[in-house]
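Some notes on the structure that comes next.
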Amino acid sequence: MAPSARPSKAFVKEEKKSDDIMETPAYSAENVQHNMRIIYYSRTFLSIVGGVVAGVLGLSAISGFLCYFIIMLLVSGGIAAKTKFDIFSYFDSWQRITVDGITAGFMSFVLFWTFAYDIVHIF
Amino acid sequence: MGKIGADFLIGVVGAIVLAHAAYATIIYRSELKIKEEEFVRPPLQVLVEVAVSLGLCFWAALRVPGTFLPILPDSKENRVVMLHSNLDFMVFNHRGKLFPPALEVKF
C-alpha cells in the first residue's frame, strides 16, 4: 500500500497534554464537601428516625433490616428530587447519592432500633 | 433571623408524633398483657401516626441541612463577579490558561 501523502502540520490534530484536561473536569472542592455533608446529615437523622420507627413497630431481624434499606432508598430518591434530578451539577458520581453514608447510618439505626424496641416492648 | 426555621419545627413535630406513637404502643401492650393476648401488630392509629411522623421527618431532614451548591466552575452561582481591592496576592499566570475557553461566555 503506497504511503499516503502526509498532510501539513497545520491540519494534523496532535495529542496535546491539555486534551487530558477535558476528561477530568475541575470541581469546586468546598462545594463538593458541602453537598456531601448535607447528605451525611440527612442520612444520619433519618437513620435514627428509622430506628425508632422499627422499634415502635416491633420489627425484628429481617424485617427491621429491610425497613432500613427501604428508608435509605427513599432518602436517595429524596436527595435526587432535591437536586431537581440534575445530579451531575451537584455531585461527581452516582455513588454519592446512592451508596455514600449508608454504612455510617446503619450503626445509628441498629442502636436506636434496639433502644426503642426495649423501651416499647420489653420494659 | 429565622434561625429556627419552619422546617426545623416540622422535624420537631415529627419527633413528637413519633414519641406519642411509642407511648400509645406501650399502653396497647399493657392492655394486651391484661387480656393475655399475643402482640402481633400495633393498632391502626399507631401505624398512621408513625407514617405521618416519617413523612414530617423526611421533609425536615431534606430541608434543614441546607441547599446544594453547584460544583461546576462555570455555573451561574459560582461566578467570580468581584475582586478584592488588594491584588498583590492574586496570581493570574497559572495553569488555567491550558483550559480551553468556554464558547458561551456571559458578561
* Asked: So what is the relative contact order of the stretch B:1-56, in percent, for Cα pairs below 8 Å that sit 6 or more residues apart?
  -> 52 percent
* To the nearest 10 degrees, how steeply does helix B:44-63 sit against the main Cα axis of chain B, on a 0 to 90 scale? -> 10 degrees
* Asked: Which order results if A:Ile122, A:Ile97 are arranged by neighbouring Cβ count within 10 Å, fewest first?
  -> A:Ile122, A:Ile97
* Structure fact -> When A:Ser28, A:Ser60 are ranked with the fewest other C-beta atoms within 10 Å first, the list becomes A:Ser60, A:Ser28
* Ordering of A:72-85, B:26-39 by packing [mean C-beta count within 10 Å, highest first] -> A:72-85, B:26-39
* Could you put A:Cys67, B:Cys57 in order, starting from the residue whose Cβ has the fewest other Cβ atoms within 10 Å? -> A:Cys67, B:Cys57
* **Within-9-Å neighbourhood charge of B:Arg63 [Cβ basis; K, R +1; D, E -1]** => 0
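No value in this document is a laboratory result; all are computed from the given coordinates. What you are looking at is a predicted structure, and each value in this text was computed from that prediction instead of being measured. Here the Cβ is made from the backbone with ideal geometry for all residues, glycine too, and neighbour counts use every protein chain on show.
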